[in-house]
Amino acid sequence: MDHREVGKYWNGNASVWTQLARAGYDVYRDYLNTPAFLAMLPDVRGLSGIDIGCGEGHNTRLIARRGARLAGIDISDVFIRYAIEEEQREPLGINFHIASAVAIPFPDSHFDFAVAVMSLMDMPDTEIVLAEVLRIIKPGGFLQFSITHPCSDVPHRKNLRDDKRRSYAFELGGYFENLEGDMTEWIFSTTPEELKRKLPKFKIPRFMRRISQWLNLLIETGFTIERVEEPIPSTEAVRACPAVQDAKVIPFFLHIRARKPGVNEVNGSTRVGDR
Ligand SMILES: C[S@@+](CC[C@H](N)C(=O)[O-])C[C@H]1O[C@@H](n2cnc3c(N)ncnc32)[C@H](O)[C@@H]1O
């Protein structure tokens with residue numbers, strides 16, 4: 001499945017996704033993933049950045065509020081329409097564009113940083129995408145991204161719960177299957193039953209890469225891996241939203257920050273005279 005076909009599925013998901021996420025049902029995002037991503041993000045005040053696969057722009061706006069000048073791209077024109085509407089309602093200076101990450105419509109070395117929040121694992125041609133990201137960030141700039149954790153987002157996944165409905169283990173399998181565009185259907189788990197009955201499930205093509213493939217791809221593209229995190233929900237987060245307790249049992253997400261070498265850096269070493 002190519003990136004255009006993937007984009008059509010996301011266009012089909014975009015309205016319900018935006019409605020439910022804005023109503024607070026993307027709880028793993030709100031109680032775990034985004035707080036951890038922002039905690040890991042370097043100071044971006046005064047920097048220019050791009051959010052790749054920005055969806056309706058929720059995380060783009062949070063990063064813009066930290067003082068960065070942001071652009072956001074997404075292959076889905078429906079998501080971009082929602083993002084632009086929100087930007088018009090409450091301007092943060094974000095420029096949203098319909099574009100695919102395989103051909104990012106910006107010149108070389110244009111941005112100080114790039115983020116990709118829960119989007120890279122939904123794209124085919126990851127090697128082209130990472131090469132594009134490397135191209136459009138300045139030497140010394142960084143890419144920070146989050147993905148579903150390759151070790152736990154696997155074809156066979158069964159959540160095992162005790163008699164109080166608390167998760168205590170997962171049965172996992174199929175890690176080495178390398179799915180390329182296989183379809184999955186789901187909806188945010190905390191969506192009220194009444195809404196679940198009315199709304200269509202998301203249809204999401206799945207592109208699985210093993211953890212070694214992600215790390216090797218970054219290295220082969222020319223990035224230097226700088227930081228890696230596997231967020232765990234805090235006690236307060238589980239108290240506020242008990243549904244995220246299961247993310248304490250196995251890692252649900254993987255966050256990586258990788259840097260484009262500076263102008264005078266070759267293969268990770270710095271030449272004499274560099275700072
Ligand atoms: C799971 S959603 C995440 C959206 C957003 N970053 C968030 O955190 O709410 C994945 C996003 O990737 C976008 N996407 C998929 N393939 C893409 C591509 N080739 N180029 C740009 N965006 C893409 C989808 O349209 C969708 O908005």
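Of all aspartates and glutamates in the structure, those lying under 18 Å Cα to Cα from LYS158, and not within fewer than 8 positions of it along the same chain, are GLU171, GLU177, GLU185, ASP246. What full-extension length gain, to one decimal in nm, is calculated for ARG227 and ASN159 as 0.36 nm per residue of separation minus the Cα-Cα distance? Computed gain between ARG227 and ASN159 is 21.6 nm.
Going by Cα centres, the stretch 156-207 and the stretch 52-68 are how many Å apart? Rounded to whole Å, the Cα centres lie 26 Å apart. The simple spin-label model puts a point 7 Å past each Cα toward its Cβ; for ILE250 and ASN178 those points are separated by 2.2 nm.
Report in % the part of the accessible area of the stretch 3-260 that belongs to carbon and sulfur, leaving out ligands and nucleic acids; probe 1.4 Å. In the stretch 3-260, the share of accessible area belonging to carbon and sulfur is 52 percent. With a Förster radius of 45 Å applied to the C-beta separation of ARG45 and SER212, the computed FRET efficiency comes to 0.80.
One chain, two ends: GLU85 and ASN11. Fully extended at 0.36 nm per residue, the span grows by 25.0 nm beyond their Cα-Cα distance. Spin-label model, LEU38 to THR190: label points 7 Å out along the Cα-to-beta-carbon direction sit 1.6 nm apart. Rolling a 1.4 angstrom probe over the protein heavy atoms with all chains in place gives the chain an accessible area of 49 Å² per residue. The modelled label-to-label distance between MET1 and GLN19, using points 7 Å beyond Cα along the C-beta direction, is 2.2 nm.
Sorting 36-44, 256-264, 137-145 by average packing, meaning the other beta carbons within 10 Å per residue, from highest down gives 137-145, 256-264, 36-44. If you restrict to DSSP beta bridges whose two residues both lie in the chain, what percentage is antiparallel, to the nearest 5? That works out to approximately 60 percent antiparallel.
The values are calculated or read from the model by the stated rules, or taken from the named source; none is laboratory data. Just so you know, these numbers come straight off a predicted model, no measurement behind them. Because the Cβ atoms are built from the backbone with ideal geometry, glycine has one as well, and the counts that use them run over all protein chains shown. For accessibility, only protein heavy atoms count, side chains too; no ligands or nucleic acids. Shrake-Rupley method; radii C 1.70, N 1.55, O 1.52, S 1.80 Å.
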